[in-house]
Amino acid sequence: MAQQEYLQPALAGLDPTVDGVDPALPLYATTFVVVDLETTGGAPDGGGITEIGAVKVRGGEELGVLGTLVNPGVPIPPFITVLTGITQAMLLPAPPIEQVLPSFLEFVADAVLVAHNAPYDVGFLKAACARHGYRWPNPRVLDTAALARRVLLRDEVPNRKLATLAAYFRAGTQPTHRALDDARATVDVLHGLIGRLGGHRVDTVGDAIEFSRAVTPTQRRKRHLAEGLPRSPGVYIFRAADDRPLYVGTSRDIATRVRSYFTAAEKRARMSEMLAAAERVEAVECAHSLEAEVRELRLIGAHAPPYNRRSKFPERMVWLKLTDGPYPRLSVVRAISPDDRAYLGPFTSRRTAELAAAGFHDAVPLRQCTHRLSLRTITPACALAELGRCPAPCEHRITPEEYDDRAVRPFATATTGDPQPVVDALLARIETLAAAQRYEEAATLRSRLAAVLRATVRMQRLAALSGIAELAAAHPAAGGGWELALVRHGRLAGAGVSPAGLHPRPTLTAIRATAETVSPGHGPVPAATPEESERILSWLERPETRLVEMSDGWASPVAGAGRFRDLLEKAESGASHQLWSERS
C-alpha cells in the first residue's frame, strides 16, 4: 500500500465537543500521551510495528506507562536490528499488533497524543487500526519536532533531532532507538518546549497545536485580535485603523471562526492582505444562524467591505419589463413601478436579464427593435421581419390586439402564472435543432430556457413570501428550545430563542412587540434584498421548521413555474437530450 498521508486538523476544527479534549484547556491541565514506535522501516500498511512505548503525563506528573514489543509477523531487516538492538528472537514470543491495539487505544483515550515527527508514528497506528477493524479515536496531535522548529533558533540547536533536543533540555532519559526510552526523552523535550511557549502567549493546547504549524508573521502578530470574542452565533467585522469595515463574516461560533483566520488553514492571499490592515474585530451576537446570515447581508450591502466578494451591491439588480405604449417590447431597467404592465426579475446582472429576454424572443413574437411605434405612422421593417423572426408591427402587419394575444400575454402569464407556452415553444425549437445536428445552437437555446425558468421560478417564490404581511416560524434549537423568526413582507423583522422547557409563546410575543415595522411595497422584493428573502425561504423550507402563525395564506400558482424545477436542473446540467420528455 502507498504511504497514507497524515493531516493534522486545522484549529477551525478544534471543536470542544470532539474527542473529549477542549482546545481551550490550559497546557498545565492537559493530559498528554507521549508515544514512540519502533518499526521494520517499511511503509505504514497496517503492520511493521515492532515496539510501542507510551507515557501518560499531566502537569509534569507521570500518570502511567505502556510499553511492549510487538511481533510484526515478518522478518526484521538486519539494519533495523543494528539500529535498535531488537532481534527476531526477542519478537517471536511478543503479541501481534491486533492484540496490543485495544490496550493502547484505551491508554490514549481522552488525551492529546504527542510524538516526535508525529506523522510517522500516527500513520503506522492509523493504518494498523484500519487493517484490524479498530476505530481510530482521532485525538488531538502535537508534534514536538514541528513545535521545536517554531520555538528554537538555529543558534540554540543545530537540528531538531530527538537526541539533539534531549541533550539541549537535559532530559533524564537519552534516546536509544527503543520505544519507551525515546518516549520518556520526548516527555522531557515536551516539557522544555512548553516552558518556552509562555513567551509566545501560547497557553492552551489548541494554541500549542496551531503554533506548531506554519503561519505567516502577520497571522502570528495579529492573533490577539481573536481574543475575548463570544462563542455564540453572530457576525464578525474586521475593522481597519480608521474603523472602516474590511471584511464581514458570519458563524455559529464567532470565536472559533475568527481564530481560524490566524491559523495555517487560512491560505487565501486576500485574507492575508486583509489581516495586515485589520486593527480590531467587532462581534455582533445574534439569536440564531438565520439572524446572523441576514445581518451579514445587510452589513455587506451597507458598507461594501473591500475584501468581501459577494452580496456587496444589492442595489445593482435589474429587471426585464414590457414597455408602455402600443406594441410593447422587452426592456432592461433598474427599477419597476406599480404602473408597469408586466415584469420579470430581479436579475443579478444585465447579462442574465438579456439572456432571459433572448429566450422570450425565441418563444414568442415580441419585437426587438427600440423604435417607439405609432398606431398611425408606418415605420420601415428591419431584417428580423424579413427573416420571419418578427410579425412587423412597425408596418402594421399585425393588429395591437393580435400582438397582445400572441406576444404580450404569454410573457405576462409566464412571469406570474403558467410559463408552459413559452417552455413548449423553446423545447420544440431545441428538438428541431438537435434533430438537424445543430448542437451548438441547441445548447445556446438550452441556456436561454434555463435563464427563463430560473427567473420565473425565483420571482414566483419571492412573491409568494413577500405577499405575507406577517409570518412567525420556529426551528428546534441545538441545545433545546426553539429558534423563532418573525418575517414581514419577506424581511426578517425580529428574531429570538425560546429557552428549553418554557412555552415559546411569551418569547414570540416579546419579539413581535419589538419587531421592525415593515411597510408593503411593489414587486416580489418590496422590503428586502432578494438574497435576504431567499435566505429566509431556505430556513423556512427546512423539514424541522414549523409555521406558527401567518396573516395571509402562503401559496404559489398551481400551474406555476415551480413545477418546472426538474426541467431547470436538467437544462442547467446540460442534459439537452432529456428536455423534450419534460414537455408534459
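Rg/Rh, computed from the Cα trace of region 212-325 with Rh as the Kirkwood radius, has the value 1.09. Each part reduced to its alpha carbon centroid, region 83-159 and region 290-337 end up 56 Å apart. Against the chain, whose longest principal axis comes from its Cα atoms, helix 97-108 is set at around 80 degrees.
Cross-link partners for LYS222 among the lysines, with Cα-Cα distance under 21 Å and sequence neighbours closer than 8 places in the same chain left out: LYS267. Taking every Cα-Cα distance in region 191-249 and sorting them into 5 Å bins starting at zero, the pair-distance distribution P(r) comes out as 4, 13, 21, 23, 16, 14, 6, 4, 1 percent.
Dipole size of the chain about its Cα centre, with +1 on Lys/Arg Cβ and -1 on Asp/Glu Cβ: approximately 1420 debye, rounded to the nearest 20. Approximating the spin labels as points 7 Å out from Cα along Cα→Cβ, the VAL558-to-HIS503 distance works out to 3.9 nm. Label sites at ALA276 and ARG409, each approximated as a point 7 angstrom past Cα along Cα to Cβ, lie 6.4 nm apart. Distant-in-sequence amide contacts of VAL114, defined by a placed amide H-H separation under 5 Å and a gap of 5 or more residues or a different chain, comprise VAL33, VAL34, VAL35, LEU142.
Ranked from largest, the principal axis spans of the Cα set of region 489-583 equal 55, 36, 23 Å. What fraction of the Cα pairs in the chain, stated in percent, has a spacing above 45 angstrom? The calculated P(r) of the chain puts 43 percent of pairs beyond 45 Å. Amide H contacts for LEU63 (H built 1.01 Å from N in the peptide plane; partners 5 or more residues away or on another chain; cut-off under 5 Å): LYS56, VAL57, ARG58. Could you calculate the FRET efficiency of LEU105 with ALA436 from 1/(1 + (r/R0)^6), where r is the beta carbon distance between them and R0 is 56 Å, rounded to 0.05? Computed FRET efficiency for LEU105 and ALA436 comes out at 0.25.
Whole-Hz Karplus values for region 200-207 come out as 9, 6, 10, 10, 10, 5, x, 5 Hz, taken residue by residue from phi with 6.51 cos²θ - 1.76 cosθ + 1.60 and θ = phi - 60°; glycine and proline positions read x.
Accessible surface calculations at 1.4 Å, restricted to protein heavy atoms, place the chain at 47 Å² per residue.
Spatially, region 379-433 and region 515-529 are offset by 34 Å when compared through their Cα centroids. Sorting the Cα pairs of region 376-446 by distance into bins of 10 Å, from 0 upward, gives 18, 32, 36, 13, 1 percent per bin. Here the Kirkwood formula, the inverse mean of 1/r across different C-alpha pairs, assigns region 28-176 a hydrodynamic radius of 16.3 Å. Consider all pairwise Cα distances in region 81-159 and report the whole-number % of them above 14 Å. The share of Cα pairs beyond 14 Å in region 81-159 comes to 72 percent. Here is the size of region 403-508 from its Cα atoms: Rg then Dmax, 22.4, 67 Å. Annotation: amide H of ARG397 has no partner in the under-5 Å range at sequence separation 5 or more or interchain, hydrogens built in the peptide plane.
Only helices enter the 222 nm calculation for the chain: every DSSP H run of n ≥ 4 contributes -39,500 (n - 2.57), and dividing by all residues gives -11000 deg cm²/dmol, rounded to 500.
The solvent-accessible area of ARG201, taken with every protein chain present and a 1.4 Å probe, is close to 150 Å².
Got a number for carbon plus sulfur as a percent of the chain's accessible area, 1.4 Å probe? Please report the intermediate quantities before stating the final value.
On the way: 13930 of 27380 Å².
Roughly 51 percent, rounded to a whole number.
The values are calculated or read from the model by the stated rules, or taken from the named source; none is laboratory data. On a predicted model such as this, the values are computed, not experimentally measured, just so you know. Here the Cβ is made from the backbone with ideal geometry for all residues, glycine too, and neighbour counts use every protein chain on show. Surface accessibility is based on the protein's heavy atoms, side chains included, excluding ligands, DNA and RNA. Shrake-Rupley method; radii C 1.70, N 1.55, O 1.52, S 1.80 Å.
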